[in-house]
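Working notes for the structure below.
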Amino acid sequence: MGNKQDIQYVVGKEKRLKDLISESELSPLLNSALKAGICNITLKDDTGNIIVEAKQEGFTSGLSCQYTLTVEGEPAGQLLITSDAEELKPLADLIYEALRSIINSNLKRVLTTEVHSSVVTQSYEELLETNRKLKESETRYRDLAENLDRKVQERTEELKKAYTRLIQQEKMASIGQLAAGLAHEINNPMGFIMSNLSTLQRYIERLREFINTQAEAIRKTSLTELISSIEEKRKVLKIDYLLQDSIELIRDSLEGSERVKKIVSDLKGFSHIDDAKISIIDINKEIDRTLNVLIHEIPDDAEIVKEYNDLPGFRCNPASICQAFLNIILNALQARQQGLKLKISTYYKDGMIHVIFSDNGPGIPEDIRERIFEPFFTTKEIGKGTGLGLTVVYDVITSYGGGIDIESKTGEGTTVKLTLPVKGDGDV
Amino acid sequence: MIEYDETEKRMVFKLVYYGPALSGKTTNLLRLHDILDTEGRGDLMVLDTKDDRTIFFDLLPFFLTTPSGWKLKIKVYTVPGQVKHDATRKAVLQRADGIAFIADSQLSEIRNNFQSFENLEKNLTFVGLDIATIPLVIQFNKRDLQKIIPEEDIERVWRPTGIPIFFASALKGWGVIETFQMLLDKTYDYIDKRYSLQDVHGLSKEEFIQRIVRKKAMDH
Ligand SMILES: Nc1ncnc2c1ncn2[C@@H]1O[C@H](COP(=O)(O)OP(=O)(O)OP(=O)(O)O)[C@@H](O)[C@H]1O
Ligand SMILES: Nc1nc2c(ncn2[C@@H]2O[C@H](COP(=O)(O)OP(=O)(O)O)[C@@H](O)[C@H]2O)c(=O)[nH]1
Ligand SMILES: [Mg+2]
Ligand SMILES: [Mg+2]
């Protein structure tokens, strides 16, 4: 069936009852119901599994009311309320109504938050505003929410995640724009430099031919004095060497220009950040592309060792993968200014592509290792790091069903190991 | 298709009402909700609107069980029409099994219809769907108003595309069921091809449509 990994977020995923209700949210309601005389409340999902249950001590039997709970209008579970008095029926109805309302507003909240954390379309402030409104509409059931604090915290967590993506997207967008702008600026002069160089190459060839013909012609005359003075001059001025070398110089320059052209096209490729097209890529090439983008950030004395092995094509959104590589490489570059050695190796084994980045930086201190994937966790000074780099790496890699493992020894270096599963063609 | 679950014997499909802002997508769903029987459908969920415009999406789910015992769920969504919500539109379009494009018949809206249709084409490609094969119907809504594009003009432009065209007034309630019914008709063929509704599940097209488009019995 559908290849889940290919899709980051689809509106419409099915929600089960237990995704929409939490015991902590319900316990105030259940407790007050028990206090009011209800003997037993049981909530089961559609397969009969108990989601929550609360009962009076010593309860054996009584009058039962049964209600069907629905999610998106479809039966999703049963609510069983038992009491020992007929008069409690209105109370049971009330509990059912409250529960229904909690489920519905949670469903709304989950759906809207999902749209936001996955599809960042609104500003953080608008997001807060929407959530505030959603909460207002829940006011009627406020008194149930003794554990409001916790819910707020959960919600803030969700918002924080959405915000993280927003910032990173903006960051990438501005890098992309800068890259696209640079690429354009460089492309123009590069165009005429290359075309001029080729013309120059042809001119020199012609000049050489002319000089040689001229020398030949003069040699055939009997003007010995002239001949020897010209040959003398030709030697002193190293004309033969000069002609030969000009040709080589131009060839080298043309080669250099080709390289610049390649970098520029890499930059352009890199700036295609919002074309989230899925395609099949060669991971080795993408790493090179990322390194090219970073070329001016890499110090001269840094040593980058590549140990690439042949890899099968990998199905992904190239921009997101480049983004992950970029963040890891940047971390290594920032970890050590002088004498950096970064080894990048790739290989394929048992359905997995392995990509390993190993640096000889200071390593990550043990006590912060647990936190490095947290959004906004950074040890870098303000303005230098946002603390989102590894968060994004984690998001990207796991979105392809892959794994990330970081090994680090203080004083020796850090190794980041990525594994990416290669799958057969999806049918999406 | 949103979900296909062998063990739970369940298939979930998605239909999307697309179109420019304020063309009447939500009103279409409201009408379906009013006209169709509660049996076999869920409630209309209108997700938080701000200034009366859809920010997220609306959802109206339908259910039925096939003779083979599988549960079919059809989730009908609207998309937010405003230009700035393109990302949400993409997420709603993902994995859609059929689309009703709701155009606004008013003369002043020609450009918006056009832009929105272009946006639909672009986003379909973006989410990997093929506009040539995905079930698609077009509804020109708000026919009850005065300054509207003449029917002949619409016919001339759209008939050659082969896409079924409907004229409607969602506000007054006519044309809405016809549009929906044709969408279901085309969608049935589309999913029957992949999941053999007829051969494997014993569900004919007539029955499929009948079970979803069940009009409310008028109470006297
Ligand atoms: N290769 C590395 N060597 C040493 N420490 C590292 C390395 N990679 C990450 N860290 C540590 O992990 C922290 C979190 O890394 P992360 O990439 O998430 O954020 P950042 O680099 O601080 O900021 P950003 O990448 O958003 O600019 C870093 O601040 C740093 O302390
Ligand atoms: N006159 C008229 N107004 C309509 C019709 N359908 C919708 N409207 C109005 O157009 C406005 C926008 O409708 P809505 O369904 O919210 O549009 P959406 O943005 O596409 O969901 C509302 O004020 C509706 O009452 C119709 O057929 N005729
Ligand atoms: Mg970093
Ligand atoms: Mg709407």
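The values are calculated or read from the model by the stated rules, or taken from the named source; none is laboratory data. Since the structure is predicted, the reported quantities are computational estimates derived from the model, not experimental observations. As a convention, Cβ positions derive from the backbone with ideal geometry for all residues, glycine included, and neighbour counts pool all protein chains shown.
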Residue in segment A:55-63 that is free of Cβ contacts under 8 Å to residues at least 40 places away in the same chain and within 26 Å of B:K75 (Cα to Cα) present:
no
Of the candidates B:Q106, B:Q94, the one satisfying the condition of being away from ligand 4 (no atom under 16 Å from the Cβ) and either among the aromatic types (F, W, Y) or surrounded by 21 or more Cβ atoms within 10 Å (Cβ to Cβ) (or both) is B:Q94
Only one of B:T27, B:T38 is within 16 Å of ligand 4 (Cβ to nearest atom) and either free of Cβ contacts under 8 Å to residues at least 24 places away in the same chain or polar (S, T, N, Q) (or both). Can you tell me which?
B:T27
Spot the failing condition for A:K285; the list is (1) in contact with a helix residue (DSSP H, G or I) (Cβ under 9 Å, 6 or more places away or on another chain); (2) part of a helix (DSSP H, G or I); (3) farther than 15 Å from A:T414 by Cβ, and only one is missed.
(1)
B:Y18 among the hydroxyl-bearing types (S, T, Y), surrounded by 22 or more Cβ atoms within 10 Å (Cβ to Cβ) and under 23 Å from B:D189 (Cβ atoms):
yes
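Restricting segment A:73-105 to residues that are without any contact (Cβ under 8 Å) to a residue 60 or more places away in the chain and crowded, with 20+ Cβ neighbours inside 10 Å, which is nearest to B:R10 (Cα to Cα)?
Among them, the one singled out is A:L79.
Results for (1) within 12 Å of ligand 1 (Cβ to nearest atom); (2) surrounded by fewer than 18 Cβ atoms within 10 Å (Cβ to Cβ); (3) without any contact (Cβ under 8 Å) to a residue 12 or more places away in the chain; (4) within 14 Å of chain B (Cβ to nearest Cβ), shown as yes or no for each residue.
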| site | (1), (2), (3), (4) |
| --- | --- |
| A:Y308 | no, yes, no, no |
| A:N317 | no, no, no, yes |
| A:A324 | yes, no, no, no |
| A:L340 | yes, no, no, no |
| A:S345 | no, yes, no, no |
| A:D359 | yes, no, no, no |
| A:G389 | yes, no, no, no |
| A:V396 | no, no, no, no |
| A:T410 | yes, yes, no, no |
If we keep only residues of segment A:358-413 that are hydroxyl-bearing (S, T, Y) and under 28 Å from A:R315 (Cα atoms), then the residue modelled with the highest pLDDT is A:S358
Please return the ranges of helices (runs of 4 or more DSSP H) entirely within segment B:120-220 where 2 or more residues are in contact (Cβ under 8 Å) with a residue 24 or more places away in the chain and surrounded by 12 or more Cβ atoms within 10 Å (Cβ to Cβ).
B:176-195, B:205-212
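Can you name every one of the strands (runs of 3 or more DSSP E) wholly within segment A:10-86 that holds 1 or more residues which are away from chain B (no Cβ under 14 Å) and within 42 Å of the chain's Cα centre (by Cα)? Break it down stepwise before answering.
Numbers: elements: A:38-45, A:50-55, A:63-71, A:74-83.
The qualifying strands (runs of 3 or more DSSP E) are A:38-45, A:50-55, A:74-83.
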